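I have placed the structure first, in the form of structure tokens, so that the comments after it can refer back to it.
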Amino acid sequence: MKCFINMKPLVALLLCASVSVSTGVISVAAAPGNDQAVAAPTTIQSVQMRGDADKAELVIEVSTPATYTSYKTAGPDRLVVDFSQVVPAAALAGINVSKGPVKGVTVKKFDTDAGVLTRMEIYLTQNIEPVITPSMEKTGELKVTFPGYTAPQVVAPPETPAAVPAEKTQ
């Protein structure tokens, strides 16, 4: 009985092959360089700041989950995130993000022998250790938080006393 059960897939494969040959239907798998079945590349769609002061976070939306590496540098203080096999959306060319712990963001694409590499540089206002975590709410979304960030204290200008009217002397 065991031999009969194991032969069912083989018989099905032979039947399928004989039907395909008799009807003239031949399937060809897409080969590299064949433009028939090219999947859309993974894309960084948007980068935006949410929240204020110590609750600020940078949200990076990617079309599908992506592989990335990150490291922090000093002089200037920045977080560098390298996305492997990911391209930036055209709208990110002139991105202007400057709020709270983030001074600015640049996104650059590099073509390498291993494929595409997109580098995101997040310039920081302070020497802090950002944390990158995948969003639990949305697939492909990364959140960069900035623990240890302290918002600069805004010093109000000293109040000037109201001018006292001069007394008239006679």
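Listed values for region 105-120 are Karplus-derived 3J(HN,Hα) couplings in whole Hz (6.51 cos²θ - 1.76 cosθ + 1.60, θ = phi - 60°), namely 9, 10, 10, 10, 9, 10, 8, 10, 4, 8, x, 8, 10, 10, 9, 10, and x replaces Gly and Pro.
Within the full protein context, the accessible area of THR42 is estimated at about 30 Å² for a probe radius of 1.4 Å.
The aspartates and glutamates within cross-link reach of LYS108, meaning a Cα-to-Cα straight distance under 13 Å and a gap of 8 or more places when in the same chain, are ASP82, GLU121. Along region 86-98 the Karplus relation, 6.51 cos²θ - 1.76 cosθ + 1.60 evaluated at θ = phi - 60°, assigns HN-Hα couplings of 10, 10, x, 5, 4, 5, 7, 4, x, 5, 10, 10, 8 Hz to successive residues, with x for each Gly and Pro.
The values are calculated or read from the model by the stated rules, or taken from the named source; none is laboratory data. This is a predicted model, so every value here is computed, not measured. Areas reflect the complete protein model, heavy atoms only, side chains present, ligands, DNA and RNA absent. Shrake-Rupley method; radii C 1.70, N 1.55, O 1.52, S 1.80 Å.
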